[in-house]
Amino acid sequence: MISLIIPPGEQIAKMQKKLIDEGGKASNIKSRVNRQSVEAAITSTRERLKLYSKTPTNGLVIYCGTVFSEDGRSEKKYTIDFEPFKPINRSLYYCGERFDVEPLKELLEDDKKFGFIVVDGNGALFATLQGSSKSILQVIKVDLPKKHGRGGQSALRFARLREEKRHNYLRKVAEIAVQCFITNDRANVAGLVLAGSADFKTRLSQSGIFDPRLAEKIVKIVDVSYGFENGFNQAITLSEDTLGNVKYVQEKKLITKFFEEINLDSPKIVFGVEDTMKMFEMSAVELIIVWENLEYIRVTLKNPEAEESATVIYLRKDALPTDAKTYKDSKTGTEYEVIEVAPLNEWLIDNFRKFGAKLQFVSDKSQEGFQFAKGFGGCGGFLRYSVSTFDEAGSNENNEGDFDPETDFI
């Protein structure tokens, strides 16, 4: 059974190439029945994919394969394709005994959408936050008169004109808020956060020009030091107690905790693909954090001239062709036979439970997530035990330097 998920923005041609590569691998399956079933499913998936010139707005999901009845006496071939009801941010190709529907279950989780209005003397920003997705709906800029005029008019007249312009500005903000957050005469957000550096946000919430349908949705009013997008990001941070169940906020909290442990030089933290996976395959990782777009592959190698067990290496996707049969170590010159090539994210989805770990995918849409993805390799984890404890144990037992998991781990 083939499960194929293409996120928004990804090219159809790229996935077609992957299916061609997978079809080539399927020809190596020893069982004739399994080989024919996999090849037929891949062919059907490719044909269905040809119906799309580009990936739909919310992505594309295709399930294809032969499903047996409960009694196992009859079978039926299915090919199902559809666009999810909201954007799906995970790329997936899975061939197995059953369809992988976990990404769809995540979409069905109760992801409430919150609206944000960041308003100050320079302009206003209207945005939403849902799950790990931030969307800026509209931005307006304004040039309001300061408290003091240049002269040539009375102080009372200047104050009246200044107040009139501020009132008109708030009226415009209130009108745009209705356009952004009201659909079919109902609020389309679960809650509304007002933010700003001056008193505009308070005046807006208390004025009669602000739509009552939105006024009742206000869950928090926060003071921020910035306007526009920077103010939006700060407003999210200051509203964490209210937005506690939103995935974006949960990601920020998790990665912030990860960074705090690094700052404390905690021995129960690990980052970087190779170091993290080394600890993961020792079952030392309690929670592994992975960037959802991590472009690494897990390659299993075997030296045909030696009887040693298989070796696992981790490479960027463009470092090894998917149809490669051999791999040559540039340092030692040894040529290995390629046993298996699998995208690291997909391999983790299939195997993280075997190592007793929890798996958490994160996006790079927050400042913390971006720093984790670009600065820490997009892969890290919290350890069950202090690695230094095992370093010392290995040193005491072997009277040698570094801990070697092949010989020292018990």
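The values are calculated or read from the model by the stated rules, or taken from the named source; none is laboratory data. Values in this document were obtained by computation on a predicted structure and should not be read as measured data. Because the Cβ atoms are built from the backbone with ideal geometry, glycine has one as well, and the counts that use them run over all protein chains shown. These area figures cover heavy atoms from the full protein model, side chains too; ligands, DNA and RNA do not enter into them. Shrake-Rupley method; radii C 1.70, N 1.55, O 1.52, S 1.80 Å.
Taking amide hydrogens as placed 1.01 Å from N in the peptide plane, the amide H of Ile2 sits under 5 Å from those of Cys64, Gly65, each at least 5 positions away in sequence or on another chain. Listed peptides 114-122, 366-374 appear in the order 114-122, 366-374 once ranked by packing, highest mean of other Cβ atoms within 10 Å at the front. Kirkwood hydrodynamic radius computed over the range 223-276 comes to 13.0 Å, based on all pairs of distinct alpha carbons. Per the Debye calculation on the range 229-366 with a single equal scatterer at every Cα and no solvent contribution, log₁₀ I(q)/I(0) for q = 0.11, 0.16, 0.19, 0.22 Å⁻¹ amounts to -0.54, -0.95, -1.17, -1.37. The residues of the chain have, on average, 57 Å² of accessible surface per residue, using a 1.4 Å probe with all protein chains present. Expressed as a whole percent, the accessible surface of the range 31-105 that belongs to carbon and sulfur atoms is 48, based on a 1.4 Å probe. Take the convex hull of the alpha carbons in the range 82-223; its mean projected area over all directions comes to 11.4 nm². Database remark: amide H of Val270 closer than 5 angstrom to the amide H of Gly381, Leu383 (H placed geometrically; neighbours at sequence offset of 5 or more, or on other chains; Pro and chain starts carry no H).
The relative contact order of the range 21-78 comes to 24 percent, based on Cα pairs under 8 Å that sit 6 or more residues apart. Dividing the mean sequence gap of close Cα pairs (under 8 Å, 6+ apart) by how many residues the range 1-134 holds gives a relative contact order of 29 percent. When the residues Met1, Met277 are ordered by accessible surface, computed with a 1.4 Å probe over the protein chains alone, the sequence from largest down reads Met1, Met277.
As a length-normalised measure over Cα pairs under 8 Å and 6 or more apart, the relative contact order of the chain settles at 13 percent. Phi angles across the range 124-132 convert, under the Karplus curve 6.51 cos²θ - 1.76 cosθ + 1.60 with θ = phi - 60°, into 3J(HN,Hα) values of 9, 10, 10, 8, 10, 10, 9, x, 9 Hz, Gly and Pro given as x. Surface composition of the range 126-284: carbon plus sulfur atoms contribute 46% of the solvent-accessible area (1.4 Å probe, protein chains only, all chains present). Calculated on the Cα set of the chain, radius of gyration then Dmax: 27.7, 95 Å.
Between Glu286 and Val101, the FRET efficiency from the beta-carbon distance, with R0 = 30 Å, is close to 0.70. Take the Cα of Ala190, go 7 Å toward its beta carbon, and the backbone nitrogen atoms of the range 96-135 under 19 Å from that spot belong to 104-117, 127-135.
The alpha carbons of the range 1-41 stretch over 37, 16, 11 Å along the principal axes, in descending order.
Averaging the Cα positions of each part gives two centres, and for the range 244-306 and the range 1-22 these lie 26 Å apart.
The 3J(HN,Hα) values that the Karplus relation (6.51, -1.76, 1.60; θ = phi - 60°) gives for the range 78-83 are, in residue order, 10, 9, 10, 9, 6, 9 Hz. Gly and Pro appear as x.
For a quick check: with amide H placed at 1.01 Å from N, whose amide H comes under 5 Å from Ile218's, ignoring anything fewer than 5 positions away on the same chain? Those qualifying (amide H under 5 Å, at least 5 residues apart or on another chain) are Leu192. Applying Stokes-Einstein at 25 °C and 0.890 mPa s to the Kirkwood radius of the range 5-143, computed over alpha-carbon pairs, gives a translational diffusion coefficient of 136 µm² s⁻¹. Within the chain, DSSP assigns beta bridges of which about 80% are antiparallel (rounded to the nearest 5).
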